[in-house]
Amino acid sequence: MTSTRTIQLDPTKRILFLTKDLDLVAKQIRGELDLRMEDLSVDDLLDDINTDVMTPAWVCFDHRPEDIALNAYAGLMKDGQRVIPERGLMDGNFEAIVSGYRKGTGSSRETAPQCERWCGIRYVFAASFAPIHERNNLNLGQILGDHEQLRRLQAGEALSIDEFTAPYDPVTRVMIEMGGLFPFAKALAEGEVKVPRPDTPARPMTIAEKIIASHLVGGPSPVKPGDAVMVKVDGGYSHEFTTAQVHYFLQQEYGKGYTLPDPSKFAVFEDHLLYADGVKKMMPFAAKIGTLRAMQTEFMRHTGVRDYQARDGISPGICHEVARRDFIDPGDFIQATDSHTCMGGGNDALAYGVGATEYASLIASGSTFVNVPESVRFELVGDLRPGVTAKDVMLFILERYARHEVTLDRVMEFGGPGLAAMSLDERATLANMATECTAKAGICEGDGALVDWIVANRPGETRSRDELLAKLVAPDAGATYDGGVHVIDLDTLRPMVAHPGDPDRGVPSDPTNGALIADIGEVPIDIAYGGSCTAGKVDDFEMYARVCAEAVAAGRKVADGVDFYIQFGSEATARVAKVRGWLEVFEKVGARIIDPGCGACIGCGPGVSETPDQVTVSAINRNFQGRSGPGKLYLASPLTVAASAIAGRIVAYEAGMFAREAAPAR
């Protein structure tokens, strides 16, 4: 269907170009400069603008978009100062914003596009978009375009809206025309629009395609990438950073007495902000944090969703870790308001994060719109060397494939004998960090080991092993992988460390220089942090304990001047650590143990840096500037983090390393 609607720039409005030269950004904000796309190249524009930059954690303590917009781009810094001050974007009379590649990487927080929309931004131009962020923009009714379209618009040309909607499926085009997801969902419920059933003939399908095909509203049917379909949701969750917005949006759209058709399928978690009150820079926001907690409790009581909130100040655990243990099954389709929802893919499920608008809509209806994504397969062969972990595998994939957009907006499918040899916790790490690859999701082939793990971790499980085995989803022979099939020989990998600023800037350890990391050299550290959904699982704690036990045996402790924090991902992991005696080992070495929660990973707990000159080595999943404090943060595996804490500098772990070397001088 062709639209008669056209897009034309308002001559009384301005365009903000987010350039690599931040002084030019500041001049535009102050009204001293206006730029034109014809005078710039894509190389002049900022790439990888992440959602933490657009709305840092403290900005997200407001749940009303109009309040969030006051501090749009509060994380864009130069020399420790904000480039865009409070109200800077709101008062700049801008209608469009422009950046380079991969706009909106990182967290799925919908506050990022909200901060632009509620500042008057109607059009967003970029060379490419991170998939969740792109969807959040569309859900809010934003018009997305490329740089050539902007050149034509600035030349005074009026462009048909069809040019902007052409890259999308027919349903998304209608949604854009209607002004966003909520108007579209209302029209869908009232029968004014319909999502057609796919007419794709039978074909070999990937794991993700098979899961979507089995969940279609109206019954199973083959699908292919690009098909626009309505899909039934098996479950989902939100946390105290996002639940307030979900509740607020549902009240705005459906009234204060709204109800959910099946609340038992959904849950709320208290995991992100438990320790924020103790972080110096977060203390001024205690009242807002209290409001978020109170609104989540109100939402839980109003709707009857499952309650995973803290008891006596202790959280059951990080949502992604608890969800995979408690209720994500093979073949499930899971949606939640956090970008690391994809961790559920370790259970042979399709799971990915969505914004608060999309989540509110899907829990109100029990189904959601999906554009069937492409897939890319990673065939893992061989065995990991001692000292090499799944985290190193992902840092390798980030550097080798993700930074070249091989994984962009695709489902990363993991399989092969190398995967089968990995534990379920390590498989979860692979799936978890798909979001760092700007992928749609990560998903691991299931097997008997997965079924045994599910049974072992769910004491009340009533289904037989055969019933669970029947739920496993494997790809069809001959399935199409638009991103290719990439064979990774695990035997060739070495421990990896990612430079501060971006998880895709990884380098391996140097085989000619022992534990030293190539290209990094001698890097003394101030903080070592082990935890988060990525690295707070049982297997991760076994790694921390292994290194610490070797240190104790060699008469070593955490290096002078280093703070070593280890934070549980769940109460279940804490119980295992206690039973296996790991707590005593951590105490002897001088590590600080923290109860379950996200903590320093989102800058809201012990382990955050406090000054720009501090250096952290961390096992979390992303290291964008400012996410975990103002210091420099290197990403590494649990083994590397623990070994570095003892050595006082960044080193890769090798068995017996502490018995061979003296304690470092600092």
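The values are calculated or read from the model by the stated rules, or taken from the named source; none is laboratory data. What you see is a predicted model, and the numbers here were worked out from it, not measured in a lab. Positions of Cβ are generated from backbone atoms using ideal geometry, with glycine treated the same way; all protein chains shown enter the neighbour counts.
Here's the yes/no breakdown for (1) without any contact (Cβ under 8 Å) to a residue 60 or more places away in the chain; (2) surrounded by 15 or more Cβ atoms within 10 Å (Cβ to Cβ); (3) under 21 Å from residue 56 (Cα atoms); (4) among the acidic types (Asp, Glu):
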| site | (1), (2), (3), (4) |
| --- | --- |
| 258 | no, yes, no, no |
| 262 | no, no, no, yes |
| 266 | no, yes, no, no |
| 273 | no, yes, yes, no |
For residue 295, are the conditions met, namely being assigned to a helix (DSSP H, G or I), of a type in the set (A, V, I, L, M) and surrounded by fewer than 21 Cβ atoms within 10 Å (Cβ to Cβ)? yes
Looking for something modelled with pLDDT under 95, assigned to a loop (DSSP other than H, G, I, E, B) and loosely packed, with under 15 Cβ neighbours inside 10 Å - is there at least one such residue anywhere in segment 277-284? no
Please verify whether segment 106-116 includes one or more residues that are at pLDDT 90 or above, small (Gly, Ala, Ser) and over 20 Å from residue 48 (Cα atoms). no
One residue is enough: does segment 192-212 have a residue meeting the conditions closer than 22 Å to residue 262 by Cα and among the hydroxyl-bearing types (Ser, Thr, Tyr)? no
Which condition from (1) buried (at least 21 other Cβ atoms within 10 Å of the Cβ); (2) under 20 Å from residue 185 (Cα atoms); (3) in contact with a Lys or Arg (Cβ under 9 Å, 6 or more places away or on another chain) is the one that residue 242 breaks? (2)
I'd like to know if segment 311-329 contains one or more residues that are in contact with a Ser or Thr (Cβ under 7 Å, 6 or more places away or on another chain), acidic (Asp, Glu) and either surrounded by fewer than 24 Cβ atoms within 10 Å (Cβ to Cβ) or within 20 Å of residue 458 (Cα to Cα) (or both). yes
Residue in segment 21-53 that is farthest from residue 108 (Cα to Cα), counting only those that are touching a residue at least 60 places away in the same chain (Cβ under 8 Å), out of contact with any Ser or Thr (no Cβ under 9 Å at 6 or more places or on another chain) and surrounded by 13 or more Cβ atoms within 10 Å (Cβ to Cβ): 37
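Listed here are the residues, each with its yes/no results for (1) assigned by TED's automatic domain parsing to the domain that holds residue 360; (2) closer than 21 Å to residue 336 by Cβ; (3) in a loop (DSSP other than H, G, I, E, B).
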| site | (1), (2), (3) |
| --- | --- |
| 201 | no, no, yes |
| 221 | yes, no, yes |
| 226 | yes, no, yes |
| 236 | yes, yes, no |
| 248 | yes, yes, no |
| 256 | yes, no, yes |
| 260 | yes, yes, yes |
| 273 | yes, yes, yes |
Would you mind stating whether residue 407 is at pLDDT below 95 and either not hydroxyl-bearing (Ser, Thr, Tyr) or not assigned by TED's automatic domain parsing to the domain that holds residue 51 (or both)? no
Any residue in segment 383-404 that is within 18 Å of residue 417 (Cβ to Cβ) and buried (at least 24 other Cβ atoms within 10 Å of the Cβ) sitting within a Cβ distance under 9 Å of a residue that is modelled with pLDDT of 95 or more and among the charged types (D, E, K, R)? List the pairs, counting only those 6 or more apart or interchain. 389/426; 389/539; 389/540; 390/425; 390/426; 390/427; 390/539; 393/426
Select the strands (runs of 3 or more DSSP E) contained entirely in segment 429-499, then report the ones holding at least 2 residues which are modelled with pLDDT of 95 or more and buried (at least 24 other Cβ atoms within 10 Å of the Cβ). 441-444
Looking at segment 82-94, is at least one residue in contact (Cβ under 8 Å) with a residue 12 or more places away in the chain and within 24 Å of the chain's Cα centre (by Cα)? no
Among (1) touching an Asp or Glu at 6+ places or on another chain (Cβ under 7 Å); (2) among the aromatic types (Phe, Trp, Tyr); (3) more than 30 Å from residue 443 (Cβ to Cβ), which single condition is residue 182 missing? (3)
